[in-house]
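The values are calculated or read from the model by the stated rules, or taken from the named source; none is laboratory data. Here the structure is a predicted model, which is why all the values come from computation and not from measurement. For neighbour counting, all protein chains shown are included, and Cβ atoms are generated from backbone atoms with ideal geometry for every residue, glycine included. The accessibility values were calculated without ligands, DNA or RNA, using every heavy atom of the protein model including side chains. Shrake-Rupley method; radii C 1.70, N 1.55, O 1.52, S 1.80 Å.
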Amino acid sequence: MGRTLRAALPGAVGVVAVVLLAGCLWADVSYLSGDGLAGRQNGTAGSVQAQDHLIDRLQGWGPGPNRAATGRGAYVQTFGTGANVLGVVPGTDLAHEYVIVGAHYDGQPDECRSVEPGDLICNGATDNATGVAAVLEVGRRLADAPVRQRRSVILAFWDAEEEGRVGSRHYVANPLVPLSATVAYVNLDIQGANLRPSIRNTTFAIGSETGGPTLQQALAAASTASTLDTRPLSLVFGQGRSDHAEF
């Protein structure tokens with residue numbers, strides 16, 4: 001990667017397979033993965049319902065970053081048949097710098113097998129309603145904190161990840177805040193998935209080296225407070241299979 005491009009792009013880390021939760025997190029996961037949203041595939045009525053749910057939450061914590069629109073539209077970035085949903089929790093003395101915390105909210109077509117005859121809905125609880133709920137919880141806690149964080153935090157919910165990370169790719173090509181002012185990106189995907197019994201208490205953090213010592217140290221500090229066994233993996237192990245790859 002050339003020096004100019006590297007200077008313009010933030011470090012990025014993807015986090016997968018984290019054990020779940022309670023309270024508002026559980027409510028968000030239950031709603032987003034419920035049969036009523038039919039899997040949240042992009043371009044569907046279920047996708048629009050998910051967008052409305054996200055915007056309802058974001059409006060209580062800060063403005064939308066899309067300055068070309070007003071009202072609820074300020075929280076939406078459209079592309080083709082899809083729509084990213086984003087909100088900002090403003091910072092204080094470093095409010096002009098941004099950390100993006102993101103997760104894809106789209107799901108897959110209704111072609112999943114189930115133990116219930118005729119039920120083909122791909123509910124997508126761990127891929128990726130749990131990741132979305134975790135990002136919402138980040139926003140909720142930042143907004144409720146007695147002391148506001150120094151940098152502004154963008155809560156980003158990407159569409160069309162299942163079709164090749166189309167939403168996050170569109171954002172990087174058409175950022176709503178300058179990439180040069182974006183200091184880090186953290187991605188959450190496949191939270192709570194029991195990939196295999198031997199690693200049920202393990203979480204994987206992919207690509208923290210892309211942010212150098214600062215992002216690696218932040219990951220280490222966050223991991224210390226967790227009861228999970230955190231395994232940092234190089235970006236190459238992620239195989240570019242989630243939205244952090246675009247950053």
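Quick notes on this structure:
- Matching residues in segment 24-36 - criterion: being in contact (Cβ under 8 Å) with a residue 60 or more places away in the chain and either farther than 13 Å from residue 132 by Cα or not in a helix (DSSP H, G or I) (or both): 33, 34, 35
- The test for being out of contact with any Phe, Trp or Tyr (no Cβ under 7 Å at 6 or more places or on another chain), part of a helix (DSSP H, G or I) and either of a type in the set (Lys, Arg) or surrounded by fewer than 21 Cβ atoms within 10 Å (Cβ to Cβ) (or both) holds for residue 73.
- Annotation note: of 102, 139, the sole residue that is assigned to a helix (DSSP H, G or I) and in contact with a strand residue (DSSP E or B) (Cβ under 6 Å, 6 or more places away or on another chain) is 139.
- Of all residues in segment 96-124, exactly one satisfies the criterion of being open to solvent by 20 Å² or more (accessible area, probe 1.4 Å), aliphatic (A, V, I, L, M) and closer than 30 Å to residue 183 by Cα, namely 99.
- Of the residues making up segment 37-65, those that are over 11 Å from residue 107 (Cβ atoms), out of contact with any strand residue (DSSP E or B) (no Cβ under 6 Å at 6 or more places or on another chain) and touching a residue at least 60 places away in the same chain (Cβ under 8 Å) are 57, 60.
- Within segment 150-206, considering residues that are open to solvent by 20 Å² or more (accessible area, probe 1.4 Å) and among the hydroxyl-bearing types (Ser, Thr, Tyr), the one modelled with the lowest pLDDT: 198
- Pairs where the first residue, in segment 155-171, is over 9 Å from residue 104 (Cα atoms) and the second is of a type in the set (D, E, K, R), C-beta under 7 Å, 6+ apart: 169/246
- Number of the condition not met by residue 93 [criteria: (1) within 15 Å of the chain's Cα centre (by Cα); (2) farther than 17 Å from residue 167 by Cβ; (3) open to solvent by 20 Å² or more (accessible area, probe 1.4 Å)]: (1)
- Of everything in segment 51-70 that is touching a Leu at 6+ places or on another chain (Cβ under 6 Å) and within 13 Å of residue 176 (Cβ to Cβ), the residue that is most open to solvent (accessible area, probe 1.4 Å) is 66.
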